[in-house]
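Q: Handing you a structure now.
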Amino acid sequence: MKNKILVTGGAGYIGTHTCIALHQAGYDIVIYDNLSNSSREAVNRVSTLIDQPIEFIEGDIRDSESLRKVFAAHQFFGVIHFAGLKAVGESVAKPLMYYNNNVSGTISLLEVMAEYEVKNFIFSSSATVYGDPETLPIDENSKRSCTNPYGQSKLVVEHILEDLAVSDKHWNLITLRYFNPVGAHASGQIGEDPNDIPNNLMPYISQVAVGKLFKLSIFGNDYPTVDGTGVRDYIHVTDLAQGHVAALNYLEQQDSSEKNSSVGFLPINLGTGKGSSVLELVTAFTDVTGQNIPYQFADRRAGDIASCYSSATKAKTLLGWEAKLSITDMCADTWHWQSTNPNGYE
Ligand code: NAD
Ligand code: UFG
């Protein structure tokens with residue numbers, strides 16, 4: 001029998017791409033999402049791409065009763081937990097909303113999982129938990145610290161998962177720390193669809209390219225980096241999706257191994273291990289798409305760090321996963337999605 005996976009937040013940017021990868025890898029999926037930052041259309045498109053209907057439940061992870069109905073109706077092998085709010089600036093303005101959604105929501109999900117004895121869990125964490133890193137590349141043992149409520153909400157959940165692993169050896173809690181996810185599915189049918197003016201670099205660049213925004217502001221050109229602009233580890237969302245399949249495979253291997261040893265709390269970086277500057281990304285986008293990106297230098301953005309890129313060794317050693325797609329692929333696929341869907345899923 002194929003293993004069935006509950007995907008919370010599966011209608012969102014990373015969730016939709018992961019659902020396709022899971023289906024291709026032979027998993028059955030059920031999506032649970034309150035559509036607070038996504039749409040039915042995204043789910044419909046996933047369904048079209050995999051050429052079969054998807055079981056979609058509109059619900060909130062804080063609604064325990066609704067979750068219980070889902071767990072009672074399905075026998076899940078595990079949960080991939082994408083559901084969460086992710087805008088750093090909004091989290092500073094509305095901290096209670098972020099802690100309630102991201103922390104209380106995760107607790108309510110874990111409680112229902114425990115009730116139904118489902119103890120395989122993959123959590124969407126973020127490189128933001130490393131704060132301003134002391135050394136590069138950043139490995140999983142680096143010190144963690146956060147400066148905004150969004151990052152804190154991820155860190156608090158990580159601590160909860162650590163405590164949970166200590167309390168009960170049956171939990172298998174993989175925490176995937178994503179670096180900077182960009183790009184879109186090669187079909188151009190699904191991609192990132194920000195509600196408002198994008199906060200993140202790649203969607204901003206692509207909206208300038210498509211003519212929705214006038215000019216990119218580059219936040220700081222005096223960082224101690226290759227060209228003075230901020231350096232990040234951009235990772236193609238399709239590679240990231242495959243990282244989740246690899247994590248699930250790992251949990252299945254542990255589950256079926258004779259020792260049946262528990263994974264406990266297991267943090268793993270998902271990045272490429274390589275950094276690119278803002279100017280390098282802008283240049284790559286122009287080279288790949290032929291679109292000119294007007295830009296101006298502006299002040300540094302509050303809370304930004306100079307450089308952030310991963311050590312990708314643990315994912316490779318433990319999960320046998322590594323990122324394959326290049327910055328060129330990331331730019332080409334972003335542009336394919338943006339140019340064929342200038343207004344996203346609207
Ligand atoms: P997204 O907003 O596109 O997807 C999140 C999904 O969760 C949305 O479909 C939203 O409707 C749903 N959701 C939010 N709160 C919910 C709730 N209470 N109940 C049910 N559904 C809820 O975001 P994404 O970029 O796909 O990110 C997925 C996860 O990865 C998030 O937890 C995010 O914090 C984390 N992450 C994202 C990035 C990034 O740059 N995109 C980086 C690191 C970590
Ligand atoms: N940048 C600009 N102009 C813009 C937007 C961004 O110059 O309009 C610069 C930033 O200063 C930074 C780089 O582009 O140097 C990347 O910025 P993003 O906002 O795309 O990404 P961040 O690294 O700041 O943060 C993102 C998510 C966080 C997440 C983190 C790690 O927003 O939530 O990646 O995964 F935690």
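Q: Pop out the carbon and sulfur fraction of the accessible area of the chain as a percent, whole number, probe 1.4 Å.
A: Answer for the chain: carbon and sulfur cover 48 percent of the accessible area.
Q: If one computes P(r) from the Cα atoms of region 173-272, what percent of pairs lie at distances over 23 Å?
A: The calculated P(r) of region 173-272 puts 46 percent of pairs beyond 23 Å.
Q: Keeping all protein chains in position, work out how much accessible area I197 exposes to a 1.4 Å probe, and write it in Å² to the nearest 10.
A: My reading of the accessible area for I197 is about 100 Å².
Q: Would you please put 176-186, 244-254, 6-16 in order of how densely packed they are, using the mean number of other Cβ atoms within 10 angstrom per residue and starting with the highest?
A: 6-16, 176-186, 244-254
Q: Among S262, P133, I160, which residue has its Cα furthest toward the positive end of the charge dipole of region 4-340, with +1 on Lys/Arg Cβ and -1 on Asp/Glu Cβ?
A: Checking the options against the dipole of region 4-340, the answer is P133.
Q: Related question: Roughly speaking, what is the centre-to-centre gap between region 172-192 and region 217-271 when only Cα atoms are used, to the nearest Å?
A: Between the Cα centres of region 172-192 and region 217-271 lies a distance of 10 Å.
Q: A further question on this structure: Looking at this model, which pairs from K215/K324; K119/K324; K94/K169; K119/K314 are more than 26 angstrom apart at the alpha-carbon?
A: Pairs exceeding 26 Å: K215/K324; K119/K324; K94/K169.
Q: Then there's this: Output the relative contact order of region 4-340, whole-number percent, from Cα pairs under 8 angstrom with separation of 6+ residues.
A: 19 percent
Q: Further, regarding this structure: Per residue of region 229-238, what does 6.51 cos²θ - 1.76 cosθ + 1.60 with θ = phi - 60° give for ³J(HN,Hα)? Whole Hz please, x for Gly and Pro, Karplus curve as stated.
A: For region 229-238, the Karplus curve yields 9, x, 10, 9, 9, 7, 10, 5, 4, 5 Hz.
Q: With axes computed from alpha carbons, what is the tilt in degrees of helix 13-24 against the longest principal axis of the chain, rounded to the nearest 10 within 0 to 90?
A: Tilt relative to the chain: about 50 degrees.
Q: Using square roots of five times the C-alpha gyration tensor eigenvalues, list the equivalent-ellipsoid semi-axes of the chain in whole Å, biggest first.
A: Sorted largest first and rounded, they come to 32, 23, 19 Å.
Q: Counting Lys and Arg as +1 and Asp and Glu as -1, each charge on the Cβ, what is the dipole of the chain about the Cα centre in debye, to the nearest 20?
A: The dipole of the chain has a size of about 140 debye.
Q: Using a probe radius of 1.4 Å on heavy atoms only, what accessible surface per residue do you get for region 4-340? Whole Å² is fine.
A: With the other protein chains kept in place, region 4-340 gives 43 Å² per residue.
Q: What do you get for the angle between helix 149-167 and the principal long axis of the chain? Use alpha-carbon atoms, 0 to 90 degrees, nearest ten.
A: 30 degrees
Q: How large is the helix-only mean residue ellipticity at 222 nm for the chain, computed as the sum of -39500 (n - 2.57) over DSSP H runs with n ≥ 4, divided by its residue count, in deg cm²/dmol to the nearest 500?
A: -11500 deg cm²/dmol
Q: So what is log10(I(q)/I(0)) for region 89-175 at q = 0.11, 0.21, 0.22, 0.23 1/Å, when the Debye sum runs over its Cα atoms only?
A: One equal scatterer on each Cα of region 89-175 leads to -0.34, -1.03, -1.09, -1.14.
Q: Can I ask one more? Can you give the FRET efficiency for E111 and Q254, using 1/(1 + (r/R0)^6), R0 = 22 Å, r = Cβ-Cβ distance, to the nearest 0.05?
A: Once the sixth-power term is evaluated, E becomes 0.45.
The values are calculated or read from the model by the stated rules, or taken from the named source; none is laboratory data. Computed from a predicted structure; not experimentally measured. Note: ideal-geometry Cβ built from the backbone for every residue, glycine included; neighbour counts use all protein chains shown. Surface accessibility is based on the protein's heavy atoms, side chains included, excluding ligands, DNA and RNA. Shrake-Rupley method; radii C 1.70, N 1.55, O 1.52, S 1.80 Å.
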